[in-house]
Each structure stands twice: as structure tokens, then as C-alpha cells.
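Below is one structure, written out as C-alpha cells; comments come after it.
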Amino acid sequence: MDGDSADPTMPAVNPWIGCRHPIDVVLDDIAEAFVPLGFAVHDLPLLEHSVDNFDRLGFPPEHPNQTRLSFRVGPDAVFRSHTTSGCFGIMRAAAPEPVRALLIGSCFRNEAPSPASNVQFTQLDGVAVQPGLGMPDLCGLLEVLVDAVIAHGHPWRLRQVRYPFTAPGFAVDVRCPRCTNGCQFCRGRGWAEIGAGGLLTDDVIAAGGYRPDEVRAVSFGCSVERLIGLRHGLDDIRELLLNDPRLLEQFGGRHHRYP
Ligand SMILES: [Zn+2]
């Protein structure tokens, strides 16, 4: 460094002014809606016990999630493949008292990446356990979710889908916010899936340390990157994890320019 010409009091040239990553923005929007309803936010670790990740949620040993779609790091540990598995730790810590929790975590699946899916993604799950919960409560919570991530009053619907840990279980669709008559993003259907929800089975409730004859449990979850794709019209959600500042520039990050 040339000591004669350097002036350490001068500001740096065009320093990068960062901004919050869109994944954090969506997570905060959801937390802001659910924390007033009594939900506590939990960040989950990357690793999960394979029994909680698979077996206690009803995935048999021969299920593809167990055999080839997940990254195991040992006989009993797996890189979390969904945040639903985090419900057991939360439930066991709270039982027999009621609990409401939002579970947030990075998840991993050993699948070929595509513009609509990635090997790594962020999931958010909500779980509530207390006496007397039912479908009206699940629908009320999903209404709050759609309000928070899309828009107040935005049309949404349930499609019954079979999951091993819910009875009944549903996929949650919203009217595609990017088209009126079908587009590439919604594959021409006019509806886009944003997540899933349902009533947890008695087996799951019991594995969480509760008596199924005393409480009911509702659960819902969504892929955060997919929500961002819907909100902002991203054509390739893999761009969200590229660590490329050009993406953040589109969400408010910028180079500060001195006059
Ligand atoms: Zn569409």
C-alpha cells in the first residue's frame, strides 16, 4: 500500500448495501401471522434421527424416501428430508400440555434438481396439539397462511391426498397468482400447490407423548422457495441458493454510490 496516497478516512468505493434474503422475508411474514396465535418458532438442526424422520411418520423401510431419496450419514441419522419430523421433539417436550409451534429447517432430498425443485430447500411446518382440534381449525390456520404468503382473501382449496402421517391429509392449492387461464408455472391448471396439511394420526400423536383419546393434532407445511417463486415470478427456484448478489439486487440489495 502506498502510504503517501492512501487516506483511510475515505469511504470505500461503492460498498455493497445488503438486504434480507427473500427466504428470510417470507419466514418472517409467516411468523408475524402465527406468533400472535400462540405459535413459538423453532429452528431445526440439519440432522434428524431416522426414526423420527421416517418410521414414526409411517414411512415403511422399503419406502423410496428411506431407501434412495434421502442422504443418510449413519444408520440412525439422516439429513432432514422434511420439517414434519421435527414435531416429535416439540411434542415430547410439551406433552401432556397443549403446544403450538412453527418448525423451520433446511431439508434435503436426493433427487435431480429442476427449475421447480432442488436438492436443498427450506420448509416450514406448523403443528398444534390440544383437545378438540379438527378440520375447522386446520382450515382457519391455512387461511392465515394464505393471507400471509399470498394475499388476504386469495382463493385457495384443499385436495385430499394420502400421507402416511395424516388422516385425513390434503394438498393445499392457491389460485395461480401468475395467470388467469393457466401458465407454465401452474402447468395450465390455474391452481398452484403451496403445501400440505391434515390431522395427525393417532400413532403420530402417541409417538409425540400424548394420549390420542385426550388431544387432537393439526399439521401443515410448505416449501418456502416455492412460495417465493409464486410471489415474485421466479422461473427457477434454484437461483435462491446460488449466493449470487444479482438476485438480491432484485429484492433491494444495491451498490451504494457516493455523489
Ligand atoms: Zn398459472
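Quick notes on this one:
- A count restricted to segment 185-201 and to residues that are assigned to a loop (DSSP other than H, G, I, E, B) and within 12 Å of the ligand (Cβ to nearest atom) stands at 6.
- Residues considered: P168, P259, P164, P177. Of these, the only one that is under 26 Å from A31 (Cα atoms) and at pLDDT below 95 is P177.
- Among the residues of segment 190-218, those identified as surrounded by fewer than 19 Cβ atoms within 10 Å (Cβ to Cβ) and either hydroxyl-bearing (S, T, Y) or over 23 Å from the mean Cα position of the chain (by Cα) (or both) are D202, D203, A206, G209, R211, P212, D213, E214.
- Flag if S50 is at pLDDT 95 or above and hydroxyl-bearing (S, T, Y): no
Okay, residues lined up against (1) of a type in the set (K, R); (2) closer than 16 Å to L138 by Cα; (3) within 15 Å of the ligand (Cβ to nearest atom); (4) out of contact with any strand residue (DSSP E or B) (no Cβ under 7 Å at 6 or more places or on another chain):
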position	(1), (2), (3), (4)
P164	no, no, no, yes
C183	no, no, yes, yes
Y210	no, no, no, no
A217	no, yes, no, no
I228	no, no, no, yes
E239	no, no, no, yes
R246	yes, no, no, yes
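- Selected residue (criterion: farthest from the ligand (Cβ to nearest atom)) from residues of segment 169-181 that are in contact with a helix residue (DSSP H, G or I) (Cβ under 9 Å, 6 or more places away or on another chain) and over 24 Å from V129 (Cα atoms): V174
- Scanning segment 219-247 for residues that are over 16 Å from S106 (Cα atoms) and either under 16 Å from the mean Cα position of the chain (by Cα) or of a type in the set (S, T, Y) (or both) returns S219, F220, G229, L230, R231.
- Tally, over segment 155-180, of residues that are of a type in the set (V, I, T) and more than 18 Å from the chain's Cα centre (by Cα): 2
- Condition check for Q160 on (1) of a type in the set (S, T, N, Q); (2) touching a helix residue (DSSP H, G or I) at 6+ places or on another chain (Cβ under 9 Å); (3) over 24 Å from I90 (Cα atoms): one failure, at (2).
- Residue pairs whose Cβ atoms lie under 6 Å apart, sitting 6 or more positions apart in sequence or on different chains, and linking a residue in segment 105-119 that is under 18 Å from L44 (Cβ atoms) to a partner that is among the hydrophobic types (A, V, I, L, M, F, W, C) and part of a strand (DSSP E or B), are C107/F121; F108/F79.
- Selection status of C222, closer than 23 Å to L240 by Cβ and within 16 Å of the ligand (Cβ to nearest atom): no
- Residue count for segment 134-159, restricted to those that are among the hydrophobic types (A, V, I, L, M, F, W, C), under 14 Å from A171 (Cα atoms) and not in a helix (DSSP H, G or I): 2.
- From the options F79, F71, residue that is surrounded by fewer than 21 Cβ atoms within 10 Å (Cβ to Cβ), modelled with pLDDT under 95 and touching a strand residue (DSSP E or B) at 6+ places or on another chain (Cβ under 6 Å): F71
The values are calculated or read from the model by the stated rules, or taken from the named source; none is laboratory data. These figures come from a predicted structure and were not determined experimentally. Every residue, glycine as well, gets a Cβ built from its backbone with ideal geometry; the counts of neighbours run over all protein chains shown.
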